[in-house]
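K.L.:
Dropping a structure here in structure tokens format, bear with me for questions.
The values are calculated or read from the model by the stated rules, or taken from the named source; none is laboratory data. It should be emphasised that the depicted structure is a prediction, and the values quoted were computed from it without experimental measurement. Here the Cβ positions follow ideal geometry from the backbone for every residue, glycine too, while neighbour counts run over all protein chains shown.
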Amino acid sequence: MEEIYILGLLAVFLSIVIGFWALVKEEDDLHRILLTDLAEILALALIALVATDLAEALILPGLVVGISELMAISEVFLVREGLTRQPERMLHIEVMDSAPAILALALIGYGVLLSGFSGGAVAGIGVIFYFICKGHDERFAIFEVLSGYAWVMWIVAFFIFVLVPQYWFFGVLIAGAAILLKVAGKMSLVGTMRGGANV
Amino acid sequence: MFELPVTTIEGPEIFVIEFGDIVNYFTVYTAALFTFALLFTILVIISRPERQVDIAFGGDAFYTKDVTPAQMKFQRFMALACGLATLGAMMSGDVFNFTLFTSMVGITNIGIVAAYKYKHVLNAAFQYGIVAMIATVPLFGSAAIILATTGTLSMWELFGSTIAVPLIAKIFLVLGVMGEGMAPFYVAKAEITRAPGAPYVLMIHVSSLLLFLRVVEIVISM
Amino acid sequence: MKRREGRGTRISRISRTISELENLAGLYAVLFIAVTLIGAFTLPSLLYQEDQLYPKTIDTNSSLNPYERGGTPFNTTEVRAQYPENSPYLGYVTAYLTPVTRFIADHTPYLGTTIVAHPGGIIDEILYNTRGLDTVAETSILFVAFAIAAHLFRRED
């Protein structure tokens with residue numbers, strides 16, 4: 001076990017040297033964003049080397065921090081470069097007129113049934129599909145509100161666990177629902193934040 | 001039940017808040033830092049943004065840099081979040097929890113700066129953001145190495161004399177806080193603070209200063 | 001691009017490099033690489049502590065395989081937390097399975113790969129209960145990042 005851990009650390013340290021040296025050499029800002037995202041994986045690898053349930057649970061916050069910072073930075077990059085061009089021609093096939101409502105409903109329904117993290121991902125895909133087909137004007141504000149509610153629900157669940165632990169069951173379900181909302185909301189943003197007239 | 005093993009550096013603990021495995025605490029030292037952060041957060045809530053005036057040389061002309069209400073609201077929200085994250089980092093009794101609050105300070109700092117439309121400020125925000133992002137590698141890496149080599153993340157155990165924290169983990173922790181709080185990289189901060197909106201922008205400095213004081217305490221105690 | 005007039009002394013060249021904003025990330029990366037290289041020499045002294053919290057157990061016969069921690073829903077099971085006395089209902093979340101999860105676990109041997117999807121289980125125990133403050137910080141980070149992106153995206157120029 002000890003040798004394996006040291007070998008793993010050695011591999012990660014080597015990757016750190018390679019990855020960060022690439023960052024030193026890279027001049028283009030867009031490529032830098034991509035490289036930093038790659039470098040974040042190394043932090044997760046270091047946590048994963050601990051190889052306990054706790055490590056598995058710590059990876060989630062680590063991953064979320066990376067994704068959040070990436071989201072903020074790329075938006076700063078877009079604004080700085082003034083990249084707000086809408087794609088002129090998008091894919092349009094017949095199924096995109098007939099299917100979105102029912103497919104999105106099925107996916108969201110199944111996501112809610114699953115609940116929790118991957119339930120959120122499934123529901124999010126349903127929402128993405130709907131938005132790709134129907135356009136997403138005016139709907140962006142909804143997700144901001146949703147994100148706020150998910151946050152509040154999570155805090156409520158946390159206080160249930162701290163103050164009245166005998167109601168742990170409600171805490172689990174509230175947190176499960178909150179993470180569903182959160183992940184679904186984030187997933188549905190993929191490809192919709194490209195700027196332009198849609199507020 | 002909870003008692004700090006070393007009281008020479010930060011004084012005896014004043015009180016302890018238990019959140020499951022994460023046991024937060026105040027000592028004389030961290031309570032002072034906490035109060036300072038709290039004062040500044042309150043200051044941010046009640047104050048109005050400063051307006052800068054540019055004077056054109058050789059004439060009577062001057063420009064006022066206006067701060068729109070929307071921008072002010074957003075910056076105040078970010079400064080408030082930054083203050084809360086700093087409060088969290090000050091009282092944290094768990095290494096991983098501390099690193100999380102530290103990265104929250106980093107990201108709110110990006111937010112405070114990103115509210116401006118000036119290109120040079122946005123560029124500084126971007127470059128700073130890249131550093132804040134890669135700083136999560138030493139930050140979380142340090143917590144991970146501590147967990148793997150000592151089997152715990154709680155500062156209550158780590159501060160004891162029976163547990164030896166590897167030097168590399170300590171250096172990684174300091175390096176991570178350096179990246180998130182930007183303390184030694186005043187180049188970017190100079191660019192950032194050329195923008196109007198004083199109390200909110202100052203939150204960046206206050207938070208990184210306090211983070212540094214806290215991380216020094218943690219590293220020495222470990 | 002900044003001006004690069006003249007050669008200057010060595011110190012002025014260094015200070016010019018440091019003062020350029022575009023080199024900031026590179027500077028930090030160089031610092032980190034240096035620390036990592038030095039740290040690589042101390043690797044043999046980094047011994048893995050066998051006595052870990054929340055250890056992982058593998059039971060290949062269970063349909064909940066990598067996440068099987070024993071116990072039945074609404075009962076408790078043994079969990080090795082840092083401070084068990086702070087979480088009086090420790091183990092209840094670990095043992096809980098939603099009806100859907102129960103159904104899948106009874107009918108397929110592969111639930112273990114998806115248990116993180118459902119409320120309940122050891123990961124939820126750690127994330128919501130014993131280390132709840134971590135997830136509070138994490139959601140707050142996500143919330144703040146989202147607010148930044150949304151503000152930049154929505155503001156009219």
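K.L.:
Could you list, in sequence order, the residues of region C:38-68 that are more than 13 Å from residue C:80 (Cβ to Cβ) and more than 14 Å from chain B (Cβ to nearest Cβ)?
P.N.:
Of everything in region C:38-68, those that are more than 13 Å from residue C:80 (Cβ to Cβ) and more than 14 Å from chain B (Cβ to nearest Cβ) turn out to be C:58, C:59, C:60, C:61, C:62, C:63, C:64, C:65, C:66, C:67, C:68.
K.L.:
Going residue by residue through region C:111-119, is there one that turns out to be without any contact (Cβ under 8 Å) to a residue 12 or more places away in the chain and closer than 27 Å to residue A:73 by Cβ?
P.N.:
No: region C:111-119 contains no residue that is without any contact (Cβ under 8 Å) to a residue 12 or more places away in the chain and closer than 27 Å to residue A:73 by Cβ.
K.L.:
Please verify whether region B:33-45 includes one or more residues that are farther than 30 Å from residue C:124 by Cα, of a type in the set (S, T, N, Q) and either in contact with a Lys or Arg (Cβ under 9 Å, 6 or more places away or on another chain) or not in a helix (DSSP H, G or I) (or both).
P.N.:
No, region B:33-45 contains no residue that is farther than 30 Å from residue C:124 by Cα, of a type in the set (S, T, N, Q) and either in contact with a Lys or Arg (Cβ under 9 Å, 6 or more places away or on another chain) or not in a helix (DSSP H, G or I) (or both).
K.L.:
With respect to the numbered conditions (1) at pLDDT below 80; (2) in a helix (DSSP H, G or I), which one is the sole condition not fulfilled by residue A:171?
P.N.:
That leaves (1) as the condition not met.
K.L.:
What are the residues in region C:115-143 that are surrounded by fewer than 22 Cβ atoms within 10 Å (Cβ to Cβ) and over 18 Å from the mean Cα position of the chain (by Cα), if any?
P.N.:
Scanning region C:115-143 gives no hits.
K.L.:
Checking residue A:68 against (1) of a type outside the set (A, V, I, L, M, F, W, C); (2) modelled with pLDDT of 80 or more; (3) assigned by TED's automatic domain parsing to the domain that holds residue A:186; (4) in contact with a helix residue (DSSP H, G or I) (Cβ under 9 Å, 6 or more places away or on another chain), only one condition comes out false. Which one?
P.N.:
The one condition residue A:68 does not meet is (3).
K.L.:
From B:126, B:140, B:172, grab the single residue that is in contact with an Asp or Glu (Cβ under 8 Å, 6 or more places away or on another chain), at negative phi, aromatic (Phe, Trp, Tyr) and at the interface with another protein chain (Cβ under 9 Å from one of its Cβ atoms).
P.N.:
Selected residue: B:126, the only one of B:126, B:140, B:172 that is in contact with an Asp or Glu (Cβ under 8 Å, 6 or more places away or on another chain), at negative phi, aromatic (Phe, Trp, Tyr) and at the interface with another protein chain (Cβ under 9 Å from one of its Cβ atoms).
K.L.:
Something else about it: Taking residue B:105 as the residue in question, decide whether it is within 18 Å of the chain's Cα centre (by Cα), at pLDDT 90 or above and at negative phi.
P.N.:
Yes, satisfied.
K.L.:
Could you say whether any residue in region A:19-41 is assigned to a helix (DSSP H, G or I) and closer than 26 Å to residue C:82 by Cα?
P.N.:
No, region A:19-41 contains no residue that is assigned to a helix (DSSP H, G or I) and closer than 26 Å to residue C:82 by Cα.
K.L.:
With the condition kept exactly as written, say whether any residue in region C:36-47 is surrounded by fewer than 24 Cβ atoms within 10 Å (Cβ to Cβ), among the aromatic types (Phe, Trp, Tyr) and under 30 Å from residue A:32 (Cα atoms).
P.N.:
Checking region C:36-47: at least one residue is surrounded by fewer than 24 Cβ atoms within 10 Å (Cβ to Cβ), among the aromatic types (Phe, Trp, Tyr) and under 30 Å from residue A:32 (Cα atoms).
K.L.:
Could I ask something else about it? Go through region B:74-101 residue by residue and tally those that are touching a residue at least 60 places away in the same chain (Cβ under 8 Å), facing chain C (nearest Cβ under 10 Å) and either among the basic types (Lys, Arg) or part of a helix (DSSP H, G or I) (or both).
P.N.:
Count: 8.
K.L.:
Follow-up question, since we're still on this one. Out of the residues in region C:90-114 that are assigned to a loop (DSSP other than H, G, I, E, B) and more than 12 Å from residue A:172 (Cα to Cα), state the one that is nearest to the chain's Cα centre (by Cα).
P.N.:
C:114
K.L.:
Now for a different question. Taking the stated definitions as given, is residue B:160 in contact (Cβ under 8 Å) with a residue 40 or more places away in the chain and surrounded by fewer than 21 Cβ atoms within 10 Å (Cβ to Cβ)?
P.N.:
So residue B:160 fits the description; yes.
K.L.:
Also, quick follow-up: Yes or no: region B:146-163 includes at least one residue that is over 22 Å from the mean Cα position of the chain (by Cα), under 19 Å from residue C:41 (Cα atoms), modelled with pLDDT of 90 or more and of a type in the set (A, V, I, L, M).
P.N.:
yes
K.L.:
Please find, among A:196, A:185, A:124, A:116, the residue that is within 11 Å of another protein chain (Cβ to nearest Cβ), more than 30 Å from residue C:86 (Cβ to Cβ) and either buried (at least 18 other Cβ atoms within 10 Å of the Cβ) or modelled with pLDDT of 85 or more (or both).
P.N.:
A:185
K.L.:
Conditions: (1) in a helix (DSSP H, G or I); (2) more than 9 Å from chain A (Cβ to nearest Cβ). Residue C:81 meets all but one. Number of the miss?
P.N.:
Against the list (1) in a helix (DSSP H, G or I); (2) more than 9 Å from chain A (Cβ to nearest Cβ), residue C:81 comes up short only on (1).
K.L.:
Does residue C:19 satisfy being out of contact with any Asp or Glu (no Cβ under 9 Å at 6 or more places or on another chain) and either over 20 Å from residue A:47 (Cα atoms) or surrounded by 15 or more Cβ atoms within 10 Å (Cβ to Cβ) (or both)?
P.N.:
So residue C:19 passes the test.
K.L.:
Quick check: is even one residue across region C:119-137 at pLDDT 80 or above, within 30 Å of residue B:79 (Cα to Cα) and of a type in the set (D, E, K, R)?
P.N.:
Within region C:119-137, one or more residues are at pLDDT 80 or above, within 30 Å of residue B:79 (Cα to Cα) and of a type in the set (D, E, K, R).
K.L.:
Given the residues A:56, A:2, which is the only one that is farther than 30 Å from residue B:124 by Cβ, within 13 Å of chain C (Cβ to nearest Cβ), buried (at least 17 other Cβ atoms within 10 Å of the Cβ) and at pLDDT below 90?
P.N.:
A:56
K.L.:
A further question on this structure: Of all residues in region B:143-169 being part of a loop (DSSP other than H, G, I, E, B) and farther than 12 Å from residue B:219 by Cα, which is farthest from the other protein chains (Cβ to nearest Cβ)?
P.N.:
Checked region B:143-169; the qualifying residue farthest from the other protein chains (Cβ to nearest Cβ) is B:161.
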